[in-house]
Amino acid sequence: MCGITGYIGEKTATDILVDGLKRLEYRGYDSCGVAGINPEKGLYLKRVSGRVDALDALIAKDPLKKGTVGIGHTRWATHGVPSEDNAHPHTDCKNEVVLVHNGIIENYLEIKEQLLRTGHKFKSETDTEAVVHLIEEKIKGLNVSGAAARSDVLEPMFFEAVRRAIAELKGSFAMAVLWARCPGMLLAARQHSPLVIGLGGGENFIASDVSAFLKYTKKAVFLNDGEMAAVKKDSVLYFNFQGKKVEHSPVTIQWDSTMAEKGGYKHFMLKEIHEQPESVENTLRGRLLPLKGDILQREINLPSELIRNIKGVQIIACGTAYHAGLVGRYVFENFGLPTSVDFASEFSDRAKIVNKDILIIAVSQSGETADTLYAVREAKASGAKVLAITNTLGSTLTREADYVLYTHCGPEIGVASTKAFIGQLAAMYVLAIHFAVIRKNIFDADAREYANELLKIPRLIEAALEGSDAVLKIAEHFAKSEHFLFIARHINFPIALEGALKIKEISYVHAEGYAAGEMKHGPIAIIYKGMPVLAVATTSKMLSLVANNIEEAKARGAEVTAIVDEDSRKLIKASHYITVPRTAEILSPLLTVIPLQLFAYFIALAKKCDIDKPRNLAKSVTVR
Ligand code: AGP
C-alpha cells in the first residue's frame, strides 16, 4: 500500500504535493518523491529513501520554480527494496514521462523483458518502472514525437498512449502520469487500488485518499475500477479503459483530515480489520493458479528440489505471528508435511536439532523482532534454510533469510496486529498448497478446488465483517468482565489464543485461550457463574466434541458466545451467537478470527483504552 498524490492548478505544485504526502505517510514511508514540470527546464524530479520531511528539505535546496503541475508518492515497498532508485516517481528513458503507482503489476516481468529487448534502459527493480517505459513505447507507436507541439494534438495522443499501456497491465494499480510535453494535463487510472479526484476552484487534485487534499477542497470523485481521468486545472473528464466517456457527480466529504487518514474509522486498528479482504486478496494475487508448483521458484527462487527433499518444517515467530504459525502447522500437516512451531524466544535449545532436512519458516510482520532474528541466526548456524514470511521489504529478516514470501497488507499502524495476521495466514495457505503439489501430496483436482475456495475468502471476510453490529452488542454486554476465556479445537485452537491476545493487548484485561478438549484436565475449575466464554464452533469434524465442551462450560455457570456458521448454528446451544460464512474447515481460521478481532476492539472501545497505541507495547519488539 503506497500513497500517491497529484496537483494541477496555479500554486507551486511541490508545496501541495509534500503537504499531501505527509498526510499519506501512514500508507507507506520507506521512500518518497515528487515530480513536476518546470516550464523552462522540463521535468523536475526529487526522491529520497526516507520520510517526507527529508524530501521537503531536498526540495527546499532546489525548488520547483513556476511549476504548477506535479505528482508525488510515498512508498511501501512491494518489489525492490527501499532505496532512492526504487523510489517513485519513475521516468522513461527520455525523462519526459513520469509516473507514480500504488498496487502490484503481476505481469511486470514479461513487460520489462519485452521492453529491454527493444532497448529500454531500466534504473530500478520495481514493477512500476515497467509501466512508464511501456507508456513511452506507446507514445512512440502513436508517432506523437513528430506531432506539432499543440496541446489539442498532444493531449489526446498522450491519453491514448496511456490507455493502450493500461490495456496490457495485469494486477492492481492506482496511478498518476505526467508528460513534460503536456504540462496542462495529468492522467490518472484506477484498477483495484483506491484513487480519488479532488475538485477545487481553478485547481484539481489526485490522491490515494481524500486526506491528501481535504484542506483545499471537500468536493471529490472516487474513481471506479477500470476508469481513467484526464485532469486539467479547470476541468476533469472521466473515461473507461475502452476510452468511452463516463459521468461522475462529485460528493462532499464530511471528514476532517485526521479522520480521513483513518478512512473515516475511529482507530487505525478498526480500519485495518476492515482492510483484511484486500490484505488476503493482495497476498494471494498471482500466487495460486495455475498450480504447477513453479510459482514459488519464479517469485522467490525457492527450489522445488528443496521442497521435495525436506523432511519437515519448523516455524518460529512471536505473538500473533506465532499464532499464524500454529495455524500453519495444521495446514502443512493436513498435506502430510511434519511441522513444529516454537516461540522464537524458546527456540534456542532446539536450534541444534534442525539441519538441512528441515525448512525454517520465520514469520514476522515487521521483520525486525529481535527474538525471531536471533532464532533465525541460530537455525542457519545449524545448516537449515530459512524462508521468511514478512510484510516489510528491506527489513532485517529479509536480508538474513534465504527466501522471502511477502504479505501485501501495506503498513500496519495499529500495534495490535490484525491485517498482517490474516496476511500471514494467507501466505501459509499459499505455501502449503504449493508444497503439497510439489511433493505430490494432493491430487490436481483437489488442489484446484482448494485454490478456488481460498480465492473466495476475501468476499467471505467482507460478509463476516457485516456481522460487526452483533459483535458490538455482545462486547458491550461483557464490557465490565474481568476475565475472558476463549476455547476451540484443532485448526481453530490458535484462533482462540489470538482472540485472547487481542483482548489482553488493547484492553489490559485477563483473557485466556485454551484447547477446548483440554479444559476438563484442570482449567475448567476457573469457570465462575457468568464468566464470558467464547467458543469457536464452526462446522468441523470435531463439532460434536466442541458442543460437549460448551455444555461442560455452561454447566459450571459460563455465559457462552459461540462463533458458528449457518450449519453448525443448529447443533450448538449458547447464550449468544456470532455467525460467519461457512467455508472448508481448513480455511475457517481466516473467518473465525474476524469476530474475535472485532470483539476485542469493542471491549477496548467500551473501556476507553488507547487502542492504536496500547500501554507498554511497541509495534516491533526489537529487544530480546
Ligand atoms: C500482535 O498483536 C502483537 N503486536 C505482537 O504479538 C506481535 O505479533 C509480535 O511482537 C511479533 O511481531 P512481528 O510479527 O513484527 O515479528
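Structural remarks
- Applying the criteria of a DSSP loop state and at most 12 other Cβ atoms within 10 Å to the GluC sites (Glu not before Pro) of region 5-59 yields 10, 40.
- Kirkwood-Stokes translational diffusion coefficient of region 79-216, alpha-carbon pairs, 4 °C, 1.567 mPa s, µm²/s: 83
- Placing a label point 7 Å from the Cα of residue 45 along the Cα-to-Cβ direction, no residue of region 376-400 has a backbone N closer than 17 Å.
- Note on region 553-607: Cα convex hull, mean projected area over all directions, 4.6 nm².
- Computed over region 277-363, Kirkwood Rh from alpha-carbon pairs, angstrom: 14.3
- Stretch gain in nm, segment residue 61-residue 299, where the contour uses 0.36 nm per residue and the Cα spacing is subtracted: 81.7 nm
- Available extension along the chain between residue 149 and residue 348 is 64.9 nm, counting 0.36 nm per residue and deducting the alpha carbon span.
- Note on region 386-409 and region 285-330: Cα centroid distance 12 Å, given to the nearest whole angstrom.
- Here each label is just a point 7 Å from Cα along the line to Cβ, and for residue 266 and residue 254 those points are 1.6 nm apart.
- Theoretical gain in end-to-end length, residue 445 to residue 529 [0.36 nm per residue, Cα-Cα removed]: 25.3 nm
- Principal axis dimensions, region 347-465 - Cα atoms, whole angstrom, descending: 43, 40, 23
- Loop sites in region 456-488: trypsin sites (Lys or Arg not before Pro), DSSP, at most 12 other Cβ within 10 Å: 480
- Taking Lys and Arg as +1 and Asp and Glu as -1, the other residues whose beta-carbon sits under 14 Å from that of residue 296 total +2.
- Whole-angstrom gap from region 419-463 to region 502-560, using each part's C-alpha centre: 29
- Residue-count net charge about residue 543 - beta-carbon cut-off 14 Å; Lys, Arg +1, Asp, Glu -1: +1
- Cα Rg over Rh - region 428-499, Kirkwood: 1.14
- The residue 566 and residue 93 beta-carbon pair, evaluated with R₀ = 45 Å, returns a calculated FRET efficiency of approximately 0.20.
- About the Cα centre, charge dipole magnitude for region 136-277 (Lys/Arg +1, Asp/Glu -1 at Cβ), debye: 140
- Between 0 and 90°, nearest 10: helix 13-24 axis offset from the chain longest Cα axis: 0
- Helix 370-381 axis, angle to the chain major axis (alpha carbon atoms, nearest 10°): 80
- Under the combined filter of DSSP loop state and at most 14 neighbouring Cβ atoms within 10 Å, region 292-370 retains these trypsin sites (Lys or Arg not before Pro): 292, 311, 356.
- Cross-link pairs 440/541; 529/608; 140/456; 473/529 - those with Cα-Cα distance over 32 Å: 140/456
- Taking 565, 225 and ordering them by how much accessible surface each has at a 1.4 Å probe, largest first, produces 225, 565.
- Rg and Dmax of region 264-413, Cα atoms only, in Å: 15.5, 50
- P(r) weight above 46 Å for the chain, C-alpha pairs, percent: 20
- Computed FRET value (nearest 0.05) for residue 235 with residue 472, which takes r as the C-beta separation and R₀ as 30 Å: 0.10
- From helices alone, the chain scores -11500 deg cm²/dmol at 222 nm; the rule is -39500 (n - 2.57) for each run of n ≥ 4 DSSP H residues, then divide by the residue total.
- For the peptides 372-383, 419-430, 548-559, the ranking by mean Cβ contacts within 10 Å, running from highest to lowest, is 419-430, 372-383, 548-559.
- Viscosity 1.002 mPa s, 20 °C: Kirkwood-radius Stokes-Einstein D of region 484-586 over Cα pairs, µm²/s: 160
- Cα long-axis angle, helix 319-334 against the chain (0 to 90 degrees, to the nearest 10): 70
- What the Cβ-Cβ distance of residue 548 and residue 455 gives, at R0 = 51 Å and to the nearest 0.05, is a FRET efficiency of 0.90.
The values are calculated or read from the model by the stated rules, or taken from the named source; none is laboratory data. Bear in mind the structure is a predicted one, so any value in this text is a computation, not a measurement. No Cβ is skipped: glycine too gets one built from the backbone with ideal geometry, and neighbour counts run over all protein chains shown. What goes into the accessible areas is simple: the full protein's heavy atoms, side chains included, and nothing from ligands, DNA or RNA. Shrake-Rupley method; radii C 1.70, N 1.55, O 1.52, S 1.80 Å.
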